[in-house]
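Student: Got a structure for you, questions after.
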Amino acid sequence: MNTSMSAIEVVRVNYADARQAAHLVQLLDAYARDPAGGGHPLSDFAKSNLPAQLAARASAFSVLAYAPGEQPVGLINCIEGFSTFACKPLVNVHDVVVLASHRGQGVGQRMLAVVEQIARERGACKLTLEVLSGNRSAITLYEKVGFEPYQLDPAMGQACFYQRWL
């Protein structure tokens, strides 16, 4: 299915809206099941509680992309952080989901433009994100819209992302 970029509607999620909350969970579960998202479905706990937990955090916001006919095709979840060096908020683009049927059609680009607008409204100094090195299509999108690898001093190299489960 080829959807015109102008036909895509991007909206900020109202977590209290049952329809939007269901679409958020549906799309995030599709991403979680994809190899780029780990290849496992969301837990029942996450499915049942995610919209309410996001709503409880003033630092969180999400956007949904809809194709004609109100078909949900994309999602971005964001969490505001803080840059101590800039002494301003930053926005971490935490999840980026575009259904396989709509990839390469500008959906991600449209959603990232809305995320940038919201980040600017919040006074954020930058957007950050993590991406798996093998996700070449996502990296291509991010670079196309102006993201670049993070570094402070080129002699010190690029930042690496680590995690430790608790």
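Student: State which residue pairs qualify: first residue charged (D, E, K, R) and inside the stretch 108-131, second residue surrounded by fewer than 17 Cβ atoms within 10 Å (Cβ to Cβ) and part of a helix (DSSP H, G or I) in any location, beta carbons under 7 Å apart, and separation of 6 or more residues or different chains.
Tutor: Listed by first residue and then by second, the contacts come to Arg110/Met5.
Student: Same structure again: Is it the case that the stretch 36-45 has a residue that's assigned to a helix (DSSP H, G or I), of a type outside the set (Phe, Trp, Tyr) and at pLDDT 95 or above?
Tutor: There is at least one residue in the stretch 36-45 that is assigned to a helix (DSSP H, G or I), of a type outside the set (Phe, Trp, Tyr) and at pLDDT 95 or above.
Student: Which condition number does Pro68 fail, the rest of (1) crowded, with 17+ Cβ neighbours inside 10 Å; (2) in contact with a helix residue (DSSP H, G or I) (Cβ under 8 Å, 6 or more places away or on another chain); (3) not polar (S, T, N, Q) being met?
Tutor: Unmet for Pro68, out of (1) crowded, with 17+ Cβ neighbours inside 10 Å; (2) in contact with a helix residue (DSSP H, G or I) (Cβ under 8 Å, 6 or more places away or on another chain); (3) not polar (S, T, N, Q): (1).
Student: While we're here: Show the residue pairs meeting these rules: Cβ distance below 9 Å; 6+ apart or different chains; first residue within the stretch 134-159 and touching a residue at least 12 places away in the same chain (Cβ under 8 Å); second residue surrounded by 11 or more Cβ atoms within 10 Å (Cβ to Cβ) and part of a loop (DSSP other than H, G, I, E, B).
Tutor: Listed pairs, sorted by first residue: Ser137/Arg103; Ser137/Gly104; Ala138/Val131; Ala138/Leu132; Leu141/Phe147; Tyr142/Val131; Phe147/Val131; Tyr150/Ala159.
Student: Okay, next question. Of the residues Asp29, Asp95, only one is surrounded by 15 or more Cβ atoms within 10 Å (Cβ to Cβ), closer than 26 Å to Arg120 by Cβ and either touching a helix residue (DSSP H, G or I) at 6+ places or on another chain (Cβ under 7 Å) or of a type in the set (Lys, Arg) (or both); which?
Tutor: One residue alone meets the criteria, Asp95.
Student: Tell me which residues, restricted to the stretch 135-166, are assigned to a loop (DSSP other than H, G, I, E, B), among the aliphatic types (A, V, I, L, M) and touching a helix residue (DSSP H, G or I) at 6+ places or on another chain (Cβ under 6 Å).
Tutor: Val145
Student: Moving to a separate point now. Here are the criteria: (1) in contact (Cβ under 8 Å) with a residue 12 or more places away in the chain; (2) over 16 Å from the mean Cα position of the chain (by Cα). Tell me which single one Phe45 does not satisfy.
Tutor: So Phe45 meets the others, but not (1).
Student: Any chance you could count how many residues in the stretch 66-96 are under 15 Å from Ile118 (Cα atoms) and either in contact with a Lys or Arg (Cβ under 9 Å, 6 or more places away or on another chain) or small (Gly, Ala, Ser) (or both)? Please lay out each step first, then the result.
Tutor: Going residue by residue through the stretch 66-96, those that are under 15 Å from Ile118 (Cα atoms) are 75-81, 88-94.
Adding the requirement that they be either in contact with a Lys or Arg (Cβ under 9 Å, 6 or more places away or on another chain) or small (Gly, Ala, Ser) (or both) leaves 79-81, 88-91.
Of the residues in the stretch 66-96, 7 are under 15 Å from Ile118 (Cα atoms) and either in contact with a Lys or Arg (Cβ under 9 Å, 6 or more places away or on another chain) or small (Gly, Ala, Ser) (or both).
Student: Out of Leu112, Leu132, report the one residue that is at pLDDT 90 or above, part of a helix (DSSP H, G or I) and surrounded by 11 or more Cβ atoms within 10 Å (Cβ to Cβ).
Tutor: Leu112
The values are calculated or read from the model by the stated rules, or taken from the named source; none is laboratory data. The structure presented is a predicted model; accordingly, all values stated were derived computationally and were not measured. Cβ coordinates were reconstructed from backbone atoms using ideal geometry, including for glycine residues, and neighbour counts include every protein chain displayed.
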